[in-house]
Amino acid sequence: MPHLAYFENDNFLRACWKKETEFTPIWLMRQAGRYLESYRKVRAKNDVLTICKTPELSAKVTVDATTELGVDAAIIFADIMLPLEGIGQSFKIVDGVGPVVEKPIGGMEEVKTIGKFSPRDHVPFVTDAIKLAIQKLDGRAPLIGFSGAPFTLASYLIEGSPSRDFTKTKRMMYAEPEAWKLLMVKLSSMVSDYLLAQIRAGVDAVQLFDSWSGCLSPSDYEEFVLPFNKQIFDRLKPSAVPRIHFGVGTAGILKAMREAGGDVFGVDWRISIDEAWSILGHVAIQGNLDPAILLGANDLVHSRSKDILARIGGRPGHIFNLGHGVLPDTPPEHVKNLVQFIHGTTKTKR
Ligand code: CP3
C-alpha cells in the first residue's frame with residue numbers, strides 16, 4: 001500500500017485519530033449522487049448497479065465528485081447491497097424506492113440457504129474500482145471503503161424493500177431468535193471479510209453503515225446487534241485503518257454503539273454534537289448537519305455550521321459531515337459553498 005506514504009499528514013486521517021489538523025476536514029455521505037451534474041451524466045446512460053459493477057465508472061464518479069467539491073476524503077462509489085448477491089440474495093435497486101429483494105427471508109429455512117461469501121468471486125468489481133480510484137486520486141485525498149452493517153442488511157433482506165417500522169425484522173428477532181442469530185452470524189462474517197478485502201485493495205479508512213439500527217431500544221440493540229458489530233470492529237482493529245461507525249437516530253444507543261467499537265462515530269442531527277460527543281467519550285466524531293439545511297440559503301448553512309463548530313470548540317477529532325446522505329434536490333453550489341466555508345472558517349482560527 002505505497003499510497004499510505006502520501007497521507008502521513010493528511011487532515012482527514014489525523015482527525016480520525018484525534019490529532020491536531022490545519023483545518024476541519026469535511027466530506028459528505030452520498031457526495032457522488034443525483035444532485036451532481038457530472039453524476040447525472042453517467043447515470044443517464046447506466047443504472048446504479050451498472051455504475052457499481054463497472055470499475056471505470058465507479059472510480060470516475062468517486063473521483064469526479066471529490067475533485068469537484070474539494071472535499072478531504074473520497075468514498076468509493078458502491079452500494080451496501082452489493083455483497084448480498086454472491087451469497088444468494090438477488091435484488092434490484094428501484095428508482096426513488098431503493099433496494100428491493102427478490103425473495104425476502106422469512107425464517108430459519110431461508111437463513112440456512114445463505115452461502116459463504118468470497119470477496120474475490122463475488123465483488124471483484126469493488127476491489128478493482130478501489131485500486132483504480134486510488135490511482136486516479138493520485139494522493140489528492142484518502143479513500144474510504146464501506147459496508148452495510150448486519151442489522152441494516154438484515155432489515156432489507158427480511159422486509160424485502162425499504163421499511164418505516166421494521167416490523168418483520170423485529171418479528172424475527174423476537175419470535176425466532178435462533179434464525180436471527182444465525183443470520184447475524186453469517187452477515188457479520190461476510191461484512192468483516194468484505195471490509196478486509198477493501199483494506200487489502202488499499203482503502204485508507206472504512207465506514208460501517210448501520211443506518212437503521214437506531215429503530216431499536218438500547219437493550220435490544222445490546223442483545224441483538226452489539227455482539228455482531230463488535231466482532232466486525234475487533235476483526236478490523238489489527239489493520240490499523242480508522243473505523244467509522246455510523247447510524248441514524250442513534251441518540252439513545254450511542255453508549256452501546258461505542259461499546260461495539262469504532263474510532264470515529266457518525267451522528268445525525270437529532271442530538272447536538274457536543275452532547276453526543278460527551279456520551280461517546282474519547283473517540284472522534286463526524287456528521288450532525290441536517291442534509292435538508294443545504295436546501296436553504298447559504299446564510300442558513302453558515303449559521304448552522306458555525307453552531308456545530310462552536311459546540312466542538314476546536315477540539316481535535318472532528319470531521320465535518322452531514323447527519324445522513326446529500327438529498328437529490330440539493331443545489332450543488334450550496335454543497336461547494338459549505339466545503340469552502342468550513343475550510344475558510346476553521347483555517348483562520350488555528
Ligand atoms: O456516499 C457516496 O458517494 C457513495 C455512494 C453510496 C451509494 N449507496 C450509492 C447509491 C453509498 C455510501 C451507499 C450506501 C447505502 N445504500 C446505504 C447506507 C447509507 C444510508 O443512506 O443510510 C443504504 C441504506 C443503501 C441502500 C440504497 N441504495 C438506497 C436507500 C438507495 C436510494 C434509493 C433512491 O432512489 O433514493 C440506493 C440507491 C443508490 N445507491 C443511490 C446512490 C447514489 C441513489 C442514486 C441513483 O439512483 O443514482
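What follows is calculated from the coordinates using simple rules that are stated; it is not laboratory data. Note that the structure is a prediction, hence the values are computed from the model and not measured. Here the Cβ is made from the backbone with ideal geometry for all residues, glycine too, and neighbour counts use every protein chain on show.
Quick one: dipole size for region 18-117, taken about the Cα centre, charges +1 on Lys/Arg Cβ and -1 on Asp/Glu Cβ, in debye to the nearest 20.
140
Give, as ranges by residue number, the residues of region 198-220 whose backbone N falls under 20 Å from the point 7 Å along Cα→Cβ of Ala251.
Once the point is set 7 Å along Cα→Cβ of Ala251, 210-220 turn out to lie under 20 Å by backbone N, inside region 198-220.
With 30 Å as the limit, write out which pairs from Lys19/Lys230; Lys41/Lys131; Lys237/Lys306; Lys18/Lys131; Lys53/Lys336; Lys230/Lys336 have Cα-Cα distances beyond it, or answer none.
Among Lys19/Lys230; Lys41/Lys131; Lys237/Lys306; Lys18/Lys131; Lys53/Lys336; Lys230/Lys336, the Cα-Cα distance tops 30 Å for Lys237/Lys306; Lys230/Lys336.
So if R0 is 30 Å, what FRET efficiency would Thr67 and Glu275 give, r being the distance between their Cβ atoms, rounded to the nearest 0.05?
After rounding to 0.05, the efficiency reads 0.30.
About the Cα centre of the chain, how large is the charge dipole given +1 on each Lys and Arg Cβ and -1 on each Asp and Glu Cβ? Please answer in debye to the nearest 20.
The dipole of the chain has a size of about 380 debye.
Show me, for region 269-276, the HN-Hα J-couplings you get by feeding each phi into the Karplus relation (A = 6.51, B = -1.76, C = 1.60, θ = phi - 60°), rounded to Hz, glycine and proline as x.
With the stated coefficients, region 269-276 comes to 9, 7, 9, 6, 5, 5, 5, 4 Hz.
List the trypsin sites (Lys or Arg not before Pro) within region 143-242 that fall in a DSSP loop (any state other than H, G, I, E or B) and whose Cβ has at most 14 other Cβ atoms within 10 Å.
Arg164
Which of Leu57, Ile75, Val94 sits closest to the plus end of the dipole of region 50-116, meaning its Cα is farthest towards the positive end, when Lys and Arg get +1 and Asp and Glu get -1 on the C-beta?
Farthest towards the positive end: Val94.
What are the GluC sites (Glu not before Pro) within region 81-142 that DSSP puts in a loop, where the Cβ has at most 16 other Cβ atoms within 10 Å?
When the GluC sites (Glu not before Pro) of region 81-142 are filtered for loop state and at most 16 Cβ neighbours within 10 Å, Glu85, Glu102 remain.
To the nearest 500 deg cm²/dmol, what mean residue ellipticity at 222 nm is calculated for the chain from DSSP H runs of n ≥ 4 alone, each contributing -39,500 (n - 2.57), summed and divided by the residues?
Counting only the DSSP helices, I get -14500 deg cm²/dmol.
For Glu56, put the label point 7 Å out on the Cα→Cβ axis and report which residues of region 24-46 keep their amide N under 17 Å from it.
So the set is 41-46.
What is the Cα centroid distance between region 140-183 and region 193-266, reported in whole angstrom?
13
What is the extension gain from Asp47 to Asn337, computed as 0.36 nm multiplied by their sequence separation minus the C-alpha to C-alpha distance, in nm to one decimal?
101.5 nm
To the nearest 20 debye, what is the magnitude of the charge dipole of region 169-314 about its Cα centre, counting +1 on the Cβ of each Lys and Arg and -1 on the Cβ of each Asp and Glu?
Dipole magnitude for region 169-314 comes out near 200 debye.
Straight distance only, please: which aspartates and glutamates reach the Cα of Lys168 with their own Cα at less than 20 Å, same-chain residues fewer than 8 apart left out?
Result set, ordered by chain and number: Glu102, Glu109, Glu110, Glu159, Glu176, Glu178, Asp210, Asp220, Glu222, Glu223.
What's the center-to-center distance, using Cα atoms, between region 70-104 and region 302-328 in Å?
After rounding, the separation between the Cα centres reads 27 Å.
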